[in-house]
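The values are calculated or read from the model by the stated rules, or taken from the named source; none is laboratory data. Every value quoted in this text rests on a predicted model; they were computed, and no experiment measured them. In this analysis, Cβ positions are derived from the backbone assuming ideal geometry, glycine residues included, and neighbour counts consider all displayed protein chains. Please note that ligands, DNA and RNA were not included when accessible areas were found on the heavy atoms of the full protein model with its side chains. Shrake-Rupley method; radii C 1.70, N 1.55, O 1.52, S 1.80 Å.
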Amino acid sequence: MRILLVEDDELLGEGTRKGLIQDGYTVDWVKDGALADQALKTEKFDLVVLDLGLPKMPGISVLQFMRDRGDSTPVLILTARESIEERVKGLDTGADDYLTKPFDLYELLARLRALQRRFASRAAPLLVHGDISLDPASHTVNYKGEPINLSRREFALLHVLLENAGRVLSREHLTQSLYGWGEEVDSNALEVHVHNLRKRFGQDFIRTVRGIGYTIERSKDSK
Ligand code: CA
């Protein structure tokens, strides 16, 4: 899962970035509204954490432009504790949730998981697909009732595939969910992770869609 973090406060931004990475997210961090707007126009993110008080362009405009373009990526806004007006305006502009500063990292992580569930129209916290069950909160995967170990990227790839079961995901989208800007990516890195997941869950688990990307079938167990 790839997150765009928009925060101009160095200390808060760095702490949040580290916490998100530790929780398995791919994080791209920008420190002003204009860069955020640019990133959102050109890249695909799964979630956005957006501070509203930003240099160059206010967060509320970044959000407004997103929604005007029809970009429905879930957005959690960060607001000042005293400003109820700011929060209301953010929610009315299309934010999906908010946190007031200072916030607890664990609450942010839980709210982001809830946003992902809501966005995927999924009420249950577990992602279940046949014999596979993935828990985004504890970062664990069970297969045929037994816990299994996956690398960080394999877990992230499985997570994004399960969250989008039934949809074809482009190689570009998948690579972007696994790697942020400035990370060295081997041209066949994605193929290697796909290969590893197929080795564990069977060759037919992930279907290659020639010239486009990959997909897994919509599970009978999920809605
Ligand atoms: Ca700020």
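Which one of Thr79, Gly59, Val48 has its Cα pushed farthest toward the positive end of the charge dipole of the range 39-80, where Lys and Arg give +1 and Asp and Glu give -1 at the Cβ? It is Gly59. Antiparallel beta bridges, as assigned by DSSP with both residues in the range 127-215, represent about 100 percent of the total such bridges. Bridging of Lys31 to aspartates and glutamates at a Cα separation below 18 Å is possible for Glu7, Asp8, Asp9, Glu10, Glu14, Glu43, Asp51, once same-chain residues fewer than 8 apart are set aside. Taken along its three principal axes, the alpha carbon spread of the range 1-126 comes to 39, 32, 30 Å, from the longest extent down to the shortest. Grouping the Cα pair distances of the chain into 5 Å bins from zero gives a pair-distance distribution of 1, 6, 15, 18, 19, 16, 11, 8, 4, 1, 0 percent in increasing distance order. In a reduced charge model with +1 at each Lys and Arg Cβ and -1 at each Asp and Glu Cβ, the range 1-96 shows a dipole moment near 220 debye about its Cα centre.
Ranked from largest to smallest solvent-accessible area, with a 1.4 Å probe on the protein heavy atoms, Lys89, Lys44 come out as Lys89, Lys44. Largest accessible area first, the residues Trp181, Trp29 order themselves as Trp181, Trp29 under a 1.4 Å probe with ligands, DNA and RNA left out. Comparing Leu112, Leu11, Leu127 in a Gaussian network model of the chain where C-alpha atoms under 10 Å apart are linked, the largest mean-square fluctuation is found at Leu11. Computed from Cα positions, the angle between helix 59-68 and the longest principal axis of the chain comes to roughly 50 degrees. Probe radius 1.4 Å, ligands and nucleic acids ignored: give me the carbon and sulfur share of the accessible area of the chain as a rounded percent. Carbon and sulfur: 51 percent of the exposed surface of the chain.
Counting only Cβ charges, +1 for Lys and Arg and -1 for Asp and Glu, the dipole size of the range 74-178 around its Cα centre is about 180 debye. Label positions at Asn188 and Ser83, each projected 7 Å from the Cα along the C-beta direction, are separated by 5.1 nm.
Since only Gly130, Val192, Ala39 are under comparison, the one whose Cα sits farthest along the positive direction of the charge dipole of the chain, derived from C-beta charges on Lys, Arg, Asp and Glu, is Gly130. Comparing Asp186, Asp131, Asp104 in a Gaussian network model of the chain where C-alpha atoms under 10 Å apart are linked, the largest mean-square fluctuation is found at Asp186.
For the pair Tyr106 and Glu43, a Förster radius of 30 Å applied to the C-beta separation gives a FRET efficiency near 0.65, rounded to the nearest 0.05. Normalised by 2.2 N^0.38 Å, where N is the number of residues, the C-alpha radius of gyration of the range 127-215 stands at 1.05. In summary, the aspartates and glutamates within cross-link reach of Lys144, defined as a Cα separation below 20 angstrom excluding same-chain residues under 8 places away, comprise Asp131, Asp135, Glu154, Glu163, Asp204, Glu217, Asp221. For the range 172-223, the equivalent ellipsoid derived from the Cα gyration tensor has semi-axes of 22, 13, 11 Å, listed largest first.
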